[in-house]
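K.L.:
First, the structure itself, so that you have it in front of you.
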Amino acid sequence: MSKWYDDFQVLKDIDLSVAFGERIVICGPSGSGKSTLIRCLNHLEEHQKGSITVNDISLSPGMKNPEKVRREVGMVFQSFNLFPHLTILENCMLPQQRALKRTKAEAREIGMRFLERVKIPEQSDKYPRQLSGGQQQRVAIARALCMEPKIMLFDEPTSALDPEMVSEVLDTMIELAESGMTMLCVTHEMGFARKVADRVIFMDAGKIVESSDPEAFFSNPQHPRTKEFLGQIL
Amino acid sequence: MFDFRFYEIWRSEEFISALLSGAFNSFWLSAVGGMLGFCFGLMLAISQDKTVFWGVRYTARSYIEIVRNTPFIVQLFFVAFGLPLLFDYQWSFFASALLAITLNFSAYFAEIVRSGIDTIDKGQLEAAKSLCFSKRQTLFDIILPQALVKVYPSLTSQFVFLFLTTGLVSEISVEDLTWAGRFISDRNFRDFEVFIVLTVIYILLAWLFKLILQGIKRLAFPWSVNK
């Protein structure tokens, strides 16, 4: 699969398959196309060449009903993107009511269940701005989970957080990984990668440079670019 | 020193009732015109979106530009004297004034609401997309509530400003507050006193509008007030 922004090719012949239940961590220098890659998977970005298939749904440029694939895929953003005009619980409820046509009572029950799972049910009546960054990101995770996706995408979920709040979000993600969710995480949290990833993918300049299990990735990187990157961040 | 003689106004019941009914007419012309103008302006603002059919988009854009770049008095005369010729039907001047106010307000409101829509963070749209909101749901559930709160202060002050320009409807003999002032000063020749009284009443009405608009904000967007 390849993607261009005008003349600039951001993704070059990406060939990646992810098994059900697999946890993948994607890392690499900024501008390497890692965010763009996962944003292509729920059609927030369009690819121009090649094919993407998510749960037997194939994505094509200019497709009419990207909702079909988005229903399968939950996404967590770097900047949380909670809806500031809705309470925490409403943030979790409204998408269910709109997209899945659940009743208010159902949506509330499911919303509370997932807020409990990310350990902030007591904040449910507050507004996003009243919460810390870490709490907001956990709400964002709960909001995505309420849609009961088969796959979760994380786009640098801890990059906008104070260092102290990183771990509470990572703990939530680890818990999710342990429950068997298929996950693709763009992150620089190497501790997280080592702990939960089945595979670590390193990208540079729009290409997948290296893809291996975390043990091999950290102890014995093959590509010089990977070595350089790991040398800088570890 | 000028000799103020306000009793030249108070002594006549006719004058007082002219002022009261003038204030009342000014108030509700602006209130109703404001509400209708807001609804129409909202539609104009929404139709500026890139995804809207270009014919609609450019018509709306042209409309906004024409209204915002012509004097209200010209628009008023067009509605009051031009439209009846085009449609061969004579409305009351009151209805013409209301229509002119609605059309005028809508273009200003559209521009403000549009600017609010433009400030909504792209991340909000992406979140809505990833959560399978339809375009319409994204607009009404996510974008508009946030955009309206952001521009609410501008909308309020624009409305008050436009309210103050509605005195021009007295030119087509709609009996608003300015008309009442003219009516009285033509009879008692105390122009200065009359227009001081008008000033005070206009200020009071502007305050009243601001209060009402604050109240509406509390009711419509409780999340923006609640700390």
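Each reported figure results from applying straightforward, stated rules to the coordinates on display, with no laboratory input. On a predicted model such as this, the values are computed, not experimentally measured, just so you know. Please note: Cβ atoms are built from the backbone with ideal geometry, for glycine as well, and neighbour counts cover all protein chains shown.
K.L.:
Which is farthest toward the positive dipole end of segment A:1-49 among A:SER17, A:GLN48, A:SER2, measuring Cα position about the Cα centre, with Cβ charges +1 (Lys, Arg) and -1 (Asp, Glu)?
P.N.:
A:SER17
K.L.:
A further question on this structure: Sequence neighbours fewer than 8 away in the same chain don't count; with that in mind, list the aspartates and glutamates whose C-alpha is under 14 Å from A:LYS207.
P.N.:
List returned: A:ASP13, A:ASP15.
K.L.:
Taking other Cβ within 10 Å of each residue's Cβ, how do B:ASP191, B:ASP88 sort, fewest first?
P.N.:
On the way: B:ASP191 13, B:ASP88 7.
Going from sparsest to densest Cβ surroundings: B:ASP88, B:ASP191.
K.L.:
Further question on the same structure: Scan around A:ASP204 for amide H atoms under 5 Å from its own, H built in the peptide plane at 1.01 Å from N, and keep only partners 5 or more places away or cross-chain.
P.N.:
For A:ASP204, the qualifying residues are A:VAL209.
K.L.:
Note down the net charge around B:GLY41, summing +1 for each Lys or Arg and -1 for each Asp or Glu among other residues with Cβ under 13 Å from its Cβ. Provide the component values of the computation, followed by the final result.
P.N.:
Working: positive: B:ARG68, B:ARG114; negative: B:GLU111.
Net of charged neighbours comes to +1.
K.L.:
Hey, another quick one. Using modelled amide H (1.01 Å from N, peptide plane; none on Pro or chain starts), what sits under 5 Å from the amide H of A:MET75, excluding residues fewer than 5 places away?
P.N.:
Amide H neighbours of A:MET75, under 5 Å, 5+ apart: A:LEU153.
K.L.:
Ratio of Rg to Rh for segment B:163-227, alpha carbon only, Kirkwood? Could the numbers behind the result be given before it?
P.N.:
On the way: Rg = 16.7 Å, Rh = 13.8 Å.
Using Cα coordinates only, the ratio equals 1.21.
K.L.:
What are the ³J(HN,Hα) values, in whole Hz, obtained from phi via the Karplus relation 6.51 cos²θ - 1.76 cosθ + 1.60 with θ = phi - 60°, for each residue of segment B:129-139 in sequence order, with x given for Gly and Pro?
P.N.:
These are the phi-based 3J(HN,Hα) values: 4, 5, 9, 6, 5, 6, 4, 5, 5, 4, 4 Hz.
K.L.:
In degrees between 0 and 90, to the nearest 10, how far off the longest principal axis of chain B does helix B:93-119 point, with axes built from Cα atoms?
P.N.:
The helix B:93-119 is inclined about 40 degrees to chain B.
K.L.:
Going through segment A:4-99, which chymotrypsin sites (Phe, Trp or Tyr not before Pro) have at most 12 other Cβ atoms within 10 Å and a DSSP loop state?
P.N.:
On the way: sites: A:TRP4, A:TYR5, A:PHE8, A:PHE20, A:PHE77, A:PHE80; in loops: A:PHE20, A:PHE77, A:PHE80.
Filter output for segment A:4-99: A:PHE20.
K.L.:
Can you give the local net charge around B:LEU20? Use residues other than it whose beta-carbon is closer than 13 angstrom to its beta-carbon, Lys and Arg +1, Asp and Glu -1. Could the numbers behind the result be given before it?
P.N.:
Numbers: positive: none; negative: B:GLU13, B:GLU14, B:GLU175, B:ASP176.
Result for the local shell: -4.
K.L.:
Once you average over the residues of A:74-87, how many Cβ atoms of partner chains fall within 10 Å of each Cβ? Mind showing how you got there, number by number?
P.N.:
Working: counts 2, 5, 2, 4, 1, 6, 2, 10, 3, 9, 8, 12, 5, 2.
That works out to 5 on average.
K.L.:
I'd like the Karplus ³J(HN,Hα) series for segment A:62-70: coefficients 6.51, -1.76, 1.60, θ = phi - 60°, whole numbers in Hz, and an x wherever there's a Gly or Pro.
P.N.:
So the J values, rounded to whole Hz, are x, 5, 7, 10, x, 4, 4, 7, 5.
K.L.:
Check chain B and count each lysine pair with an alpha-carbon distance under 24 angstrom, considering only pairs eight or more places apart or from different chains.
P.N.:
Value for chain B: 13.
K.L.:
Which order do A:HIS223, A:HIS43, A:HIS188 fall in if you start with the one that has the fewest other Cβ atoms within 10 Å? List each step's numbers first, then the result.
P.N.:
Working: A:HIS223 12, A:HIS43 25, A:HIS188 16.
Ranked by crowding around the Cβ, least crowded first: A:HIS223, A:HIS188, A:HIS43.
K.L.:
Further question on the same structure: Which ordering of B:TRP28, B:TRP54, B:TRP179 is given by a fewest-first count of other beta-carbon atoms within 10 Å?
P.N.:
On the way: B:TRP28 13, B:TRP54 9, B:TRP179 21.
Going from sparsest to densest Cβ surroundings: B:TRP54, B:TRP28, B:TRP179.
K.L.:
A further question follows. Amide H of A:VAL54 versus every other amide H placed in the peptide plane: which residues, excluding those fewer than 5 positions away on the same chain, fall under 5 Å?
P.N.:
For A:VAL54, whose amide H was placed from the backbone, the distant partners under 5 Å are A:LEU59.
K.L.:
With θ set to phi - 60° and the Karplus curve 6.51 cos²θ - 1.76 cosθ + 1.60, what are the ³J(HN,Hα) couplings of segment B:9-16 in order, to the nearest whole Hz, using x for Gly and Pro?
P.N.:
Running phi through 6.51 cos²θ - 1.76 cosθ + 1.60 with θ = phi - 60° gives 8, 5, 5, 9, 5, 4, 5, 5 Hz.
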